[in-house]
Amino acid sequence: MARLNPIDLELFERGVLIRLSDVDAGYGAATVLMGVNFEARAGEVALVTGPAAAGKTTLTHLLRLALPIRSGRALILGADVGRAGERQLAQAKRKIGYIAENPTFIEQWSAFDNISMPLRMTGRKPREYGEDVRELVDFVGIGEAADLPVAQLSGAERRRVAIARALAGKPELILADDPTAGMSPADGKRVVRLLSEMRRVGAGVVITSQDESLAECAPVQHWRIERGRISKAAAPLEAEAQE
Amino acid sequence: MKNPFAGVERALILTLVFAAFAATLAGLGARAADRLAVHYEQQRSAYAVVRVLAPEGPEGMAAAEAALAHAPHVLTAARMTANRAAELLSQWGGVEISPASVPDIRLIEIELTPSPGADVAGDIVAALAQGGVTAEVIEAPREIAGGGVSARVRTAALWGALAFAALMAAIVWLAARGLAARRRELVTVMCDLGAMRSQASGRIADEAAVLGLYAGAAGAALAGLAAGAVMLLVIPGASVETLRDMILPIDLAPIVAAPLGAAVAAGAGARGAAAHFHAQAARLG
């Protein structure tokens, strides 16, 4: 297993959850992300916006440890992605709450059972986590639908179930890939505010979206991605001054 | 853990039950063939004929009968009459032979105790010699008239049953891969939540193994009942009580092995497929 050097470890202990340095990544022959430099810290919300096919989902796959890097260095939750073994990556993954654009569920299970999966995997018994999951169900506003099979839920309800599942394991890093897609602007802003609330418990949040206006919903570190290259967006005041 | 039967198509369970049923029947059939072959071999080796060479005349036959009464390996001894000789010759030659046409024969039929590895003929000739009789012992031929067939039957039955069981195990293995494919979303979710390959594939393998065990037990039980029914119909005068006495513990081996084999094959198939799906989910690009 690859061990972190003391400098990397200190970074993680100082709250740097993600640090990408000149990272390239992609699929097959295509390199989608090029020379990416990105950082996310505990207690902060990073919003990455960009047009379709800019590389937002690929960035999310990289951050959720599902995509290997081709060059550069990626430190994610204390794991050096390029050198870490399966066990270390799995340990890091358990600290990540991931909300996919099209979340995968066990369709015949109820929403409640799907939400409790992360807790179930830690070996906890239903009587131990039942109350926590009920609180999450209320927090994301699923209500009575929690007892229905996921296959019977609407798209918006599925998205809420995905958020609840991502939060159930009390993750240190929350990744949301276009969580407001297909929602009304009001619902989208509500979801972003809900995710942003998690910074209050010390988690880092990374949200990708096409919707630039989400930056106004909550205090965020705003990044822009275009054609696989990422850069920090100018703060609103700076942008106005530039205009 | 979820109910292992939830969401699993009935066709999959029926496939596993059928595979276990067929494999058990093949095993029981092989065991029956094995027992018939052993019985046949015992029958052949439990019979011999003593041909008295000297002394000539009725005294020689009487002395031989007296010596055989105390000879090792001999259960019973009976002088072969002309009627019996004619009957045997007619039976073997396929042509009716009259007892009157049979010449004076100096043969004694003997029934032997099972003595594996012993020089039966040598021991009997020695015992006859001690009684003052020169004779030879004619045993069942080794290579003709069925000699050696039983060993070949037993070997063929064993390997045939094993090959058939392997074929059924392959079917179970493939069916279990189908189960893993149906649980792909579970593997993907577990992978996303940080489960290692061994954890995700182990979870699916456990489910498949439990399913294989239940289905295998059902198939084996059905095969056992079917085999019992066939035996009651085929064996004259057989009843449940006599069957119970006839069946040896070793006859039950296929019934015990089928559920275990089904569980192992199903677990292995599902584990392999789930590990593959986990690898796909874990690493894009």
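The values are calculated or read from the model by the stated rules, or taken from the named source; none is laboratory data. If you're wondering where the values come from, they're calculated on a predicted model, not measured in any experiment. Cβ coordinates were reconstructed from backbone atoms using ideal geometry, including for glycine residues, and neighbour counts include every protein chain displayed. Heavy atoms of the whole protein, side chains included, go into the accessibility calculation; ligands, DNA and RNA do not. Shrake-Rupley method; radii C 1.70, N 1.55, O 1.52, S 1.80 Å.
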Multiply the residue gap between B:Ala279 and B:Ala82 by 0.36 nm, knock off their C-alpha separation, and tell me the result in nm, one decimal place.
62.6 nm
So the label point goes 7 Å from the Cα of A:Glu107 along Cα→C-beta, right? Which residues of the range A:146-177 then have their backbone N under 15 Å from it?
A:149-155, A:158
Quick one: net charge of B:Pro99's neighbours, Cβ under 13 Å, K/R +1, D/E -1?
-2
In nanometres, what is the gap between the two model label sites at B:Ala32 and A:Arg70, each 7 Å from Cα along Cα-to-Cβ?
6.6 nm
Restricting to chain A, compute how many DSSP beta bridges are antiparallel as a %, nearest 5.
55 percent
In nm, to one decimal, how far is the B:Leu162 label point from the B:Thr134 one, both placed 7 Å along Cα→Cβ?
5.1 nm
Using a Gaussian network model of chain A with C-alpha springs under 10 Å, which one of A:Ala52, A:Ala168, A:Ala74 is most mobile by mean-square fluctuation?
A:Ala52
Quickly estimate the mean residue ellipticity at 222 nm for the protein assembly as shown, helices only: each DSSP H run with n ≥ 4 gives -39500 (n - 2.57), and the total goes over all residues, rounded to 500.
-17000 deg cm²/dmol
Taking max minus min of the Cα coordinates of the range B:109-215 on each principal axis, largest first, gives extents in Å of 93, 24, 21
What does the charge count around B:Gly269 come to, taking other residues whose C-beta lies under 15 Å from its C-beta (Lys +1, Arg +1, Asp -1, Glu -1)?
+4
Over all alpha-carbon pairs of chain A, lay out the pair-distance distribution in 10 Å bins, whole %, shortest bin first.
8, 31, 36, 21, 5, 0
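Two decimals, Cα atoms only, Kirkwood Rh: what is Rg/Rh over the range B:56-132?
1.04
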Top of A:Thr180, A:Thr31, A:Thr58 by mean-square fluctuation, Gaussian network on chain A, Cα under 10 Å:
A:Thr31
Residue-wise, which Karplus ³J(HN,Hα) couplings in Hz belong to the range A:105-119, taking 6.51 cos²θ - 1.76 cosθ + 1.60, θ = phi - 60°, and x for glycine or proline?
10, 8, 4, 7, 7, 6, 4, 4, 5, 5, 5, 7, 3, x, 6
Descending Cα extents along the principal axes, the protein assembly as shown, whole Å:
140, 48, 40
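When ligands, DNA and RNA are left out and all protein chains stay put, how many square angstrom of accessible area per residue does the protein assembly as shown have with a 1.4 Å probe?
50 Å²
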Helix check for chain B. Which DSSP H runs span at least 20 Å along their own axis by Cα, with a mean Kyte-Doolittle hydropathy no less than 0.0?
B:10-45, B:149-182, B:197-234, B:253-282
Can you list residues whose amide H is under 5 Å from B:Thr134's amide H, if they're 5+ apart or on another chain and H is modeled 1.01 Å from N?
B:Leu53, B:Ala54
Two pseudo-spin positions, 7 Å from Cα along C-beta at B:Val234 and at A:Ala151, lie apart in nanometres by 4.5 nm
Mind checking the alpha-carbon convex hull of the range B:39-98 and giving the volume per residue in Å³?
111 Å³
When the accessible area of chain A is split by element with a 1.4 Å probe, what percent falls to carbon and sulfur?
49 percent
Once you compute Rg and the Kirkwood Rh from C-alpha atoms, what is the Rg to Rh ratio for the range B:126-285?
1.31
Name the long-range amide H neighbours of A:Arg224: under 5 Å, sequence gap of 5 or more, or other chain; modelled H, no Pro or chain starts.
A:Thr49, A:Ser231, A:Lys232, A:Ala233
Just for the protein assembly as shown, what percent of DSSP beta bridges are antiparallel, to the closest 5?
65 percent
If I build a Gaussian network model for chain B, linking alpha-carbon pairs within less than 10 angstrom, which residue out of B:Ala118, B:Ala227, B:Ala127 has the largest mean-square fluctuation?
B:Ala118
